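The values are calculated or read from the model by the stated rules, or taken from the named source; none is laboratory data. Please read all numbers here as calculations on a predicted model, not as lab measurements. Using ideal geometry, Cβ is built from the backbone for each residue, glycine included, and neighbour counts are taken over all protein chains shown.
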Amino acid sequence: MSTAAELLRASGLPPLEARILLMHVLGWRRTELITRDHEALDADCVARFEALAARRTAGEPIAQLTGKREFFGLDFAVTPDVLIPRPETELLVELTLDAIAGTPGARVLDLGTGTGAIAVSIAHARPDARVWAVDRSPAALDVARGNAQTLLAPERTGGPITLVESDWTANIDPSLRFEAIVSNPPYIASDDPHLDQGDLRFEPRGALTDDADGLSAIRAIIETAPFLLASGGALWIEHGYDQSDAVRRLLAARGFSDVRSMRDLAGIERCSGGRFTA
Ligand code: GLN
């Protein structure tokens, strides 16, 4: 017979990670880990916790083990088919919401949606916005579809998110115009050692790296976005810690105005964007 207190002590994991996995297995709140810490747990729960702890020790991301990650105040389902939502990407959502603040019924396009974290957060914060989300991976679109269904009110004025299987803008109806286009594309260079470290080893490689210099997806998005932006529409892109100069240069060279970069909570220039006036 084991108790929560014993399992947490014996797991060998960092305490916070052990607590998250045990709460997941038991369906308990954080406070119950304290108030119920001497209850005998049933053998099935003990075995499930120990299996998850072993997988965590072997490196699997917490978000894949629990199947979820909080982003922008919402609980997103996560599978190995999608990038795990990162806190710094909340900045990208805020910038896009700012860009459409004055526009009722604004149209927003999220390129490379993955979990749908960006698209669903925007649709949740702005029930009137009409949101399209693109991914080239059908498995990712399934995850995004599930998250949209779980997290968005069926009666939202902007209607359901339109999910499109597409390599960037290739399959987007060219007659559509958007007040904002947003993307967190793969921006890690193929030779970056981080790809072989931590959670990244378990995430889809195509969501992390362009298998080139880290800027090729960003170049493609900046090149094609103007064809789909309403006049004065905004493009915001997340990028790596050392890419802001290059991304601002690409935006300016393509004719964007108001080009600027914004810092994430760690103080790193993490998102760059501008407006395109036809
Ligand atoms: N921010 C992620 C990381 O560095 C990368 C996400 C991406 O390539 N879009 O772990």
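At pLDDT 95 or above and closer than 30 Å to residue 62 by Cβ: is that true of residue 245 in this structure?
Numbers: at pLDDT 95 or above: yes; closer than 30 Å to residue 62 by Cβ: no.
In short, no.
Restricting attention to the stretch 116-123, does a residue exist that is within 16 Å of the ligand (Cβ to nearest atom), in contact with a Pro (Cβ under 6 Å, 6 or more places away or on another chain) and of a type outside the set (Lys, Arg)?
Within the stretch 116-123, one or more residues are within 16 Å of the ligand (Cβ to nearest atom), in contact with a Pro (Cβ under 6 Å, 6 or more places away or on another chain) and of a type outside the set (Lys, Arg).
Pull up the stretch 42-76, narrow it to residues that are more than 20 Å from residue 144 (Cβ to Cβ) and among the small types (Gly, Ala, Ser), then point me to the one that is farthest from the ligand (Cβ to nearest atom).
First, pick out the residues of the stretch 42-76 that are more than 20 Å from residue 144 (Cβ to Cβ): 42-60, 62, 65.
When the remaining residues are screened for being among the small types (Gly, Ala, Ser), the result is 43, 47, 51, 53-54, 58-59.
Working: 43: 37, 47: 32, 51: 26, 53: 24, 54: 24, 58: 19, 59: 15 Å.
Checking each candidate, the answer is 43.
Scan the strands (runs of 3 or more DSSP E) fully inside the stretch 64-162 and keep the ones with 3 or more residues being closer than 20 Å to residue 272 by Cα.
Numbers: elements: 68-71, 74-77, 107-111, 130-135.
In the stretch 64-162, the matching strands (runs of 3 or more DSSP E) lie at 107-111.
Which one is nearest to residue 9 (Cα to Cα), of the residues in the stretch 26-44 that are buried (at least 16 other Cβ atoms within 10 Å of the Cβ) and in contact with a strand residue (DSSP E or B) (Cβ under 9 Å, 6 or more places away or on another chain)?
This residue is 41.
Name the pairs: first residue in the stretch 156-182 and free of Cβ contacts under 8 Å to residues at least 12 places away in the same chain, second residue outside any loop (DSSP other than H, G, I, E, B), Cβ to Cβ under 8 Å, at least 6 apart or on different chains?
Here the result reads none, with nothing in the stretch 156-182 linked to a residue that is outside any loop (DSSP other than H, G, I, E, B).
Just name the residue that is surrounded by the most Cβ atoms within 10 Å (Cβ to Cβ) out of those in the stretch 7-25 that are in contact (Cβ under 8 Å) with a residue 40 or more places away in the chain and either of a type in the set (A, V, I, L, M, F, W, C) or assigned to a helix (DSSP H, G or I) (or both). Steps first, please.
Step one: of the stretch 7-25, the residues in contact (Cβ under 8 Å) with a residue 40 or more places away in the chain are 7, 11-13, 17, 20-21, 24.
Filter once more, keeping what is either of a type in the set (A, V, I, L, M, F, W, C) or assigned to a helix (DSSP H, G or I) (or both): 7, 13, 17, 20-21, 24.
On the way: 7: 22, 13: 19, 17: 16, 20: 19, 21: 25, 24: 17.
The selected residue is 21.
Considering 235, 265, which residue is within 16 Å of the ligand (Cβ to nearest atom), of a type outside the set (Asp, Glu) and within 19 Å of residue 111 (Cα to Cα)?
On the way: 265 fails: within 19 Å of residue 111 (Cα to Cα).
Result: 235 is the single residue among 235, 265 that is within 16 Å of the ligand (Cβ to nearest atom), of a type outside the set (Asp, Glu) and within 19 Å of residue 111 (Cα to Cα).
When you check residue 275 against the structure, is it assigned to a strand (DSSP E or B) and over 23 Å from residue 171 (Cβ atoms), yes or no? If you could, list the steps in order and put the result at the bottom.
Working: assigned to a strand (DSSP E or B): yes; over 23 Å from residue 171 (Cβ atoms): yes.
It is true that residue 275 is assigned to a strand (DSSP E or B) and over 23 Å from residue 171 (Cβ atoms).
Would a scan of the stretch 20-38 turn up a residue that is modelled with pLDDT of 95 or more and under 30 Å from residue 269 (Cα atoms)?
Within the stretch 20-38 (the criterion being modelled with pLDDT of 95 or more and under 30 Å from residue 269 (Cα atoms)), the answer is no, since none of the residues qualifies.
Answer with yes or no whether residue 38 is more than 16 Å from the ligand (Cβ to nearest atom), in contact with a Ser or Thr (Cβ under 6 Å, 6 or more places away or on another chain), outside any strand (DSSP E or B) and within 30 Å of residue 112 (Cβ to Cβ).
Details: more than 16 Å from the ligand (Cβ to nearest atom): yes; in contact with a Ser or Thr (Cβ under 6 Å, 6 or more places away or on another chain): yes; outside any strand (DSSP E or B): yes; within 30 Å of residue 112 (Cβ to Cβ): no.
So residue 38 does not fit the description; no.
Yes or no: the stretch 201-223 includes at least one residue that is more than 30 Å from residue 59 (Cβ to Cβ), among the polar types (S, T, N, Q) and surrounded by 17 or more Cβ atoms within 10 Å (Cβ to Cβ). Let's see the steps before the verdict.
The first filter runs over the stretch 201-223 and keeps only residues more than 30 Å from residue 59 (Cβ to Cβ), leaving 219-223.
The next check asks that each one be among the polar types (S, T, N, Q); those that pass are none.
Checked against the condition, which is being more than 30 Å from residue 59 (Cβ to Cβ), among the polar types (S, T, N, Q) and surrounded by 17 or more Cβ atoms within 10 Å (Cβ to Cβ), the stretch 201-223 yields no hits at all.
Within the stretch 225-240, can one find any residue that is surrounded by 18 or more Cβ atoms within 10 Å (Cβ to Cβ), of a type in the set (Phe, Trp, Tyr) and modelled with pLDDT of 95 or more?
Scanning the stretch 225-240, I find at least one residue that is surrounded by 18 or more Cβ atoms within 10 Å (Cβ to Cβ), of a type in the set (Phe, Trp, Tyr) and modelled with pLDDT of 95 or more, so the answer is yes.
Filter the stretch 180-204 down to residues that are under 18 Å from residue 141 (Cα atoms) and either in contact with a His (Cβ under 9 Å, 6 or more places away or on another chain) or near the ligand (Cβ under 10 Å from one of its atoms) (or both), then give me how many there are.
Here the count works out to 5.
Please verify whether residue 126 is at pLDDT 95 or above and in contact with a helix residue (DSSP H, G or I) (Cβ under 8 Å, 6 or more places away or on another chain), treating the condition exactly as stated. Working first, answer last.
Numbers: at pLDDT 95 or above: yes; in contact with a helix residue (DSSP H, G or I) (Cβ under 8 Å, 6 or more places away or on another chain): yes.
When the stated conditions are applied, residue 126 passes them.
Is there any pair linking a residue in the stretch 77-100 that is under 26 Å from residue 65 (Cβ atoms) and more than 14 Å from the ligand (Cβ to nearest atom) to one that is assigned to a helix (DSSP H, G or I) and of a type in the set (D, E, K, R), with Cβ under 8 Å and at least six apart or on different chains, and which?
Matching pairs, first to second residue: 81/142.
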